[in-house]
Amino acid sequence: MNIGLYPKIAYEGMRKNGKLYIPYCITCILMVAIYYIVHFLAFSGVLIGIPGASTAVQMLGFGVYVITIFSAIFLFYTQSTLIKGRKKEFGLYSVLGMNKNNLGMIIFYETIMTWIAAIFGGLILGIGMSKVAELGFTRMIAAPVNYDFRISTDSVLHTIGTFTVIFLLIWLNTIRQIKFSSAIELVRSEK
């Protein structure tokens with residue numbers, strides 16, 4: 001099968017299932033943005049020197065791990081709901097002659113496209129909102145305000161790395177769901 005066909009099928013499948021994919025992509029973007037903001041506040045040093053901020057920095061550092069776990073669970077759940085709605089389509093592809101490897105490639109390209117949208121959209125939103133979060137946080141603890149705008153390269157790299165691992169695990173889980181289902185089970189999945 002032509003390698004250029006997989007991205008086209010993946011894009012068309014995502015476009016036709018926009019009612020499922022748009023909320024999923026928005027969810028992914030928001031998760032990436034929230035992770036970036038919390039990591040930025042915890043580890044970029046913007047709160048260093050503010051009286052009383054050391055405890056808050058420790059709590060935010062713990063919050064990064066909590067958000068990582070929450071993001072993984074939440075994105076796994078939303079992806080499994082999304083795939084349940086698409087199993088009939090994958091079953092039809094299988095009946096029309098695609099094997100499990102072909103379906104895996106389509107799912108791979110869908111995951112890559114979603115990952116790209118989530119990373120770029122989430123980082124743009126997170127970077128844009130990080131200063132607002134910093135200002136709100138300093139106001140909450142009644143600290144002096146610093147109006148310098150910074151982008152934390154460390155936070156960007158951690159965000160990309162964390163969500164790359166999450167999306168890789170999501171892709172593997174989706175492959176597992178499709179691989180252990182027969183074409184008939186996929187077609188009848190809605191019932």
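The values are calculated or read from the model by the stated rules, or taken from the named source; none is laboratory data. Here the structure is a predicted model, which is why all the values come from computation and not from measurement. Note that we place each Cβ from the backbone using ideal geometry, even for glycine, and neighbour counts take in every protein chain shown. To get the accessible areas, we keep the full protein, side chains included, count just its heavy atoms, and leave off ligands, DNA and RNA. Shrake-Rupley method; radii C 1.70, N 1.55, O 1.52, S 1.80 Å.
Side notes on the structure shown:
- In the range 75-94, of all residues being under 11 Å from Ile170 (Cα atoms) and aromatic (Phe, Trp, Tyr), the one that is nearest to the chain's Cα centre (by Cα) corresponds to Phe76.
- Residues of the range 13-42 that are of a type outside the set (A, V, I, L, M, F, W, C) and either open to solvent by 70 Å² or more (accessible area, probe 1.4 Å) or under 14 Å from Ile67 (Cα atoms) (or both): Arg15, Lys16, Lys19, Thr27, Tyr35, Tyr36, His39.
- Qualifying positions in the range 138-164 - exposed (fewer than 12 other Cβ atoms within 10 Å of the Cβ) and either assigned to a helix (DSSP H, G or I) or modelled with pLDDT of 85 or more (or both): Arg139, Met140, Thr153, Leu157, Gly161
- Candidates Val64, Val132 - the one that is open to solvent by 60 Å² or more (accessible area, probe 1.4 Å), over 21 Å from Ile22 (Cβ atoms) and of a type outside the set (Asp, Glu): Val132
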